[in-house]
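Trainee: I am attaching a structure below and will ask some questions about it afterwards.
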Amino acid sequence: MGNILFLIGLTIIIGPQKTLLFFARKQKAKGTAAFFLGLLLILMRWALIGFCVELYGIFILFGDFLGTIVGFARNAPVVGPYIGLILDRVPGLGARRNAELPV
């Protein structure tokens, strides 16, 4: 149910045309296939396998956005410094490179 609500929410936020264009991009084909295959497996009552396949698809689809999410989590008012400490220990997430800075 949450997967379908996610798709509906994404469609409401960015619009139906941009949603279709996002999922239909050639470089995101593997992620789109994995996401919808996982959704289908969940609906066929293979919940654990479907969840794992769908999670892989979400990482492929939204992996480029992960840096933005990490930056937002670091700037959260109360828990941001603690989240930053945890993320600094995760390889690949904690390292801040100057090439990624907007200025």
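The values are calculated or read from the model by the stated rules, or taken from the named source; none is laboratory data. Here the structure is a predicted model, which means the values were calculated and not measured. Cβ placement follows ideal geometry from the backbone for every residue including glycine, while neighbour counts extend to all protein chains displayed. Note: accessible area is taken over every heavy atom of the protein model, side chains too, but ligands, DNA and RNA are not part of it. Shrake-Rupley method; radii C 1.70, N 1.55, O 1.52, S 1.80 Å.
Trainee: What translational diffusion coefficient, to the nearest whole µm²/s, does the stretch 1-46 have by Stokes-Einstein, given a Kirkwood radius computed over alpha-carbon pairs, a temperature of 37 °C and 0.692 mPa s viscosity?
Mentor: So the translational diffusion coefficient is about 291 µm²/s.
Trainee: With a 1.4 Å probe and every protein chain left in place, work out the accessible area per residue of the chain in Å², rounded to a whole number.
Mentor: Computed with neighbouring chains in place, this is 78 Å² per residue.
Trainee: Also, quick follow-up: On the accessible surface of the chain, probed at 1.4 Å, how many percent belong to carbon and sulfur atoms?
Mentor: The nonpolar share, carbon plus sulfur, comes to 73 percent.
Trainee: Restricting to DSSP H runs of at least four residues, report the calculated mean residue ellipticity at 222 nm for the chain, -39500 (n - 2.57) per run over all residues, nearest 500 deg cm²/dmol. Mind dumping the intermediate values first?
Mentor: Values: 6 runs with 72 residues, N = 103.
Helix contribution divided over all residues of the chain: -21500 deg cm²/dmol.
Trainee: Students often get this wrong: which residues of the stretch 42-85 have the backbone nitrogen under 19 Å from the point 7 angstrom along Cα-to-C-beta of Ala24?
Mentor: Once the point is set 7 Å along Cα→Cβ of Ala24, 61 turn out to lie under 19 Å by backbone N, inside the stretch 42-85.
Trainee: Relative contact order for the stretch 1-91 using alpha-carbon pairs under 8 Å, separation at least 6, rounded to a whole percent? Intermediate results must be reported in sequence, preceding the final value.
Mentor: Values: 62 pairs, mean separation 16.2, N = 91.
After rounding, I find 18 percent.
Trainee: With N residues in the stretch 20-67, what two-decimal value do you get for its Cα radius of gyration over 2.2 N^0.38 Å?
Mentor: 1.13
Trainee: Which of (1) 16.3, 48; (2) 12.5, 36; (3) 15.7, 54 is the computed Rg and Dmax of the Cα atoms in Å for the structure on display?
Mentor: (1)
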